[in-house]
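Written out below as structure tokens is the structure these notes cover.
The values are calculated or read from the model by the stated rules, or taken from the named source; none is laboratory data. These numbers were taken from a predicted model, which means no experiment stands behind them. Glycine gets a Cβ as well: all are built from the backbone with ideal geometry, and neighbour counts include every protein chain shown.
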Amino acid sequence: MERHFDLELQELRKDILRMGAFAEEAIYKSVEALKNKDKCLAKSVIDGDSIVDKLELEIDEKCIDLIARYQPMAKDLRFITTGMKINAELERITDIAVDIAQRTLELVDKPLLKPLVDIPKLAAVAQSMVKGAIDAFVKGDSDLARKVMLSDPEADQLRDTIQKELVEDYMVKDGSTAPRAVQLLLITRFLERICDHTTNIAEDVIYMVQAQVVKHHPEKL
Amino acid sequence: MGKIATNNLNLWYDDFQALKNVNSVFEPNRITAIIGPSGCGKSTLLRVFNRMNDLIEGVKTEGKVLVDGMDILKPEADLVKLRKRVGMVFQRPNPFPLSVYENIVFGEKIHGESLRRDLLDEIVEISLKDVLLWDELKDKLNKPAMRLSLEQKQRLCIARLLAVKPNVLLMDEPCSTLDPQATARVEELMRELKNHYTIIIVTHNMQQAARVSDDTGFMLLGELIEFGKTEELFTAPKDKRTEDYITGRYG
């Protein structure tokens, strides 16, 4: 017999999946807007943030309500507490996508500093990490969560490459490029932060599935 | 060594095996909760520790139960001394139909101690203070115990145990007849008492086990399935059967 509690947990899982979909979409749109100099798309990312903020509060409320009413134990408790943490990480990720969209609006009316190659690559890594982490959460798949975490060094490396190029090939050589280069540096930093938040989600998923704390304990991975 | 340990403990009620190869260690100055569905053997295990099961016809035990290193299942074990050392609190408070005072000194008298009145007074005061009843009852020591509230009766029963200076307190669903406030106060009392006693509690109330105990054992069909630190057992149980039970998926 299915417990009513299980139905409520399924609802919570769906809500977090929805939150993850919003976050993924926001990253995609913000970088597309940058690539295509699309003001409307950038604005839609900024406007969409309020929906995510609302959903974050709803999910939090639902988690607290479930804890208060059912006093869950073991894997149910781990699922709900992890859900709360992932909810906060996803909201933060969406905020960062808004930051990217705002930087994009600063750049839209200026000529492109350079063809964008590595930033979209970094964005693709970030998006794929978010998708993988959410899949890992929904499926309760700790192997997938570990795989997601393995992508983080790739993101760090891309960030370093982009930073080096922007500073050495543009800002140092031609000071007039600095205002645009700084915006791109910020966007790079934002994308890399998204990967860090996603790593946190993957760590939370491993705790949820295996009751093993790997956060701050890389040796346990 | 733990205060209480069982080695390959088996127990039968006639043909029915109620405990199957139970190996456990109950540490001193800790509260250990035993949880599990009805009929899993948790109360039977509790009653083994002061051999209350001896009162049931057709009981047969095998294995060892060590209290302070002594095997209490041996025929030569002194049951009177054992029950003085290992006291029990029951589900429904069961004071004697005597005064508050007489309830507390009853054990001293039964154990053959003939103490002076001033020493008995002292025992009554200390025991009631230990269960935080002194202030409420110091002027009502001659009041019939049966007229106390349920919570006071349960505290009095604990005080009656403490008066004979046990080392171990066994509690079989001690709060099941109490309301939430009284339950919370008895749980606070248990936390106070654990500094001086080894406490083992059997409870159906998992939240209570999670709140009050340091260690928890989960029993199923006479087996001790899992035993460990309470915070670990309730957040990350190792055995799927434990997880199914504590998350309400059992059966």
Could you list, in sequence order, all residues of the range A:151-180 that are in contact (Cβ under 8 Å) with a residue 40 or more places away in the chain and exposed (fewer than 12 other Cβ atoms within 10 Å of the Cβ)? none
Any residue at all in the range A:65-82 that's buried (at least 21 other Cβ atoms within 10 Å of the Cβ), away from chain B (no Cβ under 14 Å), on the phi < 0 side of the Ramachandran plot and touching a residue at least 12 places away in the same chain (Cβ under 8 Å)? no
Between B:VAL168, B:VAL131, which is hydrophobic (A, V, I, L, M, F, W, C), out of contact with any Leu (no Cβ under 9 Å at 6 or more places or on another chain) and buried (at least 20 other Cβ atoms within 10 Å of the Cβ)? B:VAL168
Which listed residue, of A:LYS35, A:LYS39, A:LYS54, A:LYS85, is away from chain B (no Cβ under 14 Å) and within 23 Å of A:ILE206 (Cα to Cα): A:LYS85
Conditions first: (1) at pLDDT 95 or above; (2) farther than 17 Å from A:SER30 by Cβ. A:ASP152 passes all but one, so which condition is the exception? (1)
Residue check for A:ASN87: on the phi < 0 side of the Ramachandran plot and exposed (fewer than 15 other Cβ atoms within 10 Å of the Cβ): no
Filter the range A:15-28 down to residues that are more than 18 Å from A:THR81 (Cβ to Cβ) and not aliphatic (A, V, I, L, M) and give me whichever is farthest from the other protein chains (Cβ to nearest Cβ). A:TYR28
Among residues of the range B:215-240, those that are surrounded by fewer than 16 Cβ atoms within 10 Å (Cβ to Cβ), closer than 21 Å to A:ARG78 by Cβ and either touching a residue at least 12 places away in the same chain (Cβ under 8 Å) or in contact with an Asp or Glu (Cβ under 7 Å, 6 or more places away or on another chain) (or both), counted: 3
Single residue of B:LEU161, B:LEU141 found to be in contact with a strand residue (DSSP E or B) (Cβ under 6 Å, 6 or more places away or on another chain), hydrophobic (A, V, I, L, M, F, W, C) and surrounded by 14 or more Cβ atoms within 10 Å (Cβ to Cβ): B:LEU161
